[in-house]
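Below you'll find the structure, written out as structure tokens, and then a few comments.
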Amino acid sequence: MNRAHRATIFLEQAEVLSQESLPGSQFLLRLRAPECARAARPGNFAHLQCDPLQPMRRPISIMRASKGSGWVDFLYKKVGSGTERLSRHAPGNRVSCLGPIGRPFALTPERSRPLLIGGGVGMPPMIFLAERLRTERAYQPSVLLGSEVPFPFQPRPSQIVMPGYPDGAIAAMPLLDDWQIPSRLASLRGFPGCFDGYVTDLARHWLVSLTPSNRAEVGIYACGPHPMLETVARLAEEFSLPCQVSLEEFMACGVGGCAGCVVPVATPGGTTMQRVCVDGPVFEAHTVFPQDVS
């Protein structure tokens, strides 16, 4: 197994550049962390110390990173005491940042139509991957995002035509629209312009609409809650598409020492227990969600 990604983990006292409160108890945090920004790749995360009085770190996916300016963006949801303390930080404060950590997404050149699927707090890696794909002219990515709380941005009708989606599903993420990357949103909450259903159902609409030759160019990349990822894996299996998923697991050390985030992974030699933090978080979908042969 190639472990080159394990040699690029840095510990920095990062400076808080900005912290924005968003709907749904979500926050957008920008840190000045030059080493993390320089090495970060889509699918990586950082282990942040939320407060000096709470030493247990929290793993948070990287949403964007600027090598030139040295900043890293994190979108997170306040769900417990750690993230509540993290949400109190103001510009000028320092946050201990350990990262980037983990195995990133791997692009497949022959799959020139990447379909990126993000659910809830699984949206940030998809935005990071979309931004990187923006610079790769060989790829034509599409992004589907789902949320059952208000989206952490103000959706707007897309300016980009996307054949194969239900009428009325026109809401998009403005940043992706500005990058000329087509996106659509899904929710069961009845948000205007969003597809009324699961984001995986929206993905199915698009896949069914493709010709066999176009579908053969699709590769799926996903991050989100476990049930969503399992459904994505089944969808990829149904359409015989390669699929990579980024898993979300509780972590203690975050760097492979405690083995508290292990999951069963199918390998040619049999099932092994692998650590989500450093052996993942990105895995081939069929290895963590094996085909049901019953």
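The values are calculated or read from the model by the stated rules, or taken from the named source; none is laboratory data. Because the structure is a prediction, the values reported are computed rather than measured. As a convention, Cβ positions derive from the backbone with ideal geometry for all residues, glycine included, and neighbour counts pool all protein chains shown.
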Flag if residue 180 is touching a helix residue (DSSP H, G or I) at 6+ places or on another chain (Cβ under 9 Å), surrounded by fewer than 16 Cβ atoms within 10 Å (Cβ to Cβ) and over 30 Å from residue 278 (Cα atoms): yes
Any hit, the stretch 136-145, residues being part of a loop (DSSP other than H, G, I, E, B), modelled with pLDDT under 95 and more than 20 Å from the chain's Cα centre (by Cα): yes
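I need the full set of residues from the stretch 49-77 which are of a type in the set (Lys, Arg) and surrounded by fewer than 17 Cβ atoms within 10 Å (Cβ to Cβ), in order please.
Listed by number, the list holds a single entry, 67.
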Test: residue 245 is under 16 Å from residue 117 (Cβ atoms) and either buried (at least 16 other Cβ atoms within 10 Å of the Cβ) or at pLDDT 95 or above (or both): yes
Unique residue being in the same structural domain as residue 194 (by TED's automatic domain parsing), without any contact (Cβ under 8 Å) to a residue 40 or more places away in the chain and surrounded by 20 or more Cβ atoms within 10 Å (Cβ to Cβ) when the list is 158, 142: 158
Among residues of the stretch 108-131, those that are of a type in the set (Asp, Glu) and part of a helix (DSSP H, G or I), counted: 1
Strands (runs of 3 or more DSSP E) contained entirely in the stretch 1-91, each with at least 2 residues that are among the basic types (Lys, Arg): 26-32
Given (1) at pLDDT 95 or above; (2) of a type outside the set (Lys, Arg); (3) under 18 Å from residue 122 (Cα atoms), number of the condition residue 261 does not satisfy: (1)
So residue 202, is it within 29 Å of residue 78 (Cβ to Cβ) and touching a Phe, Trp or Tyr at 6+ places or on another chain (Cβ under 6 Å): yes
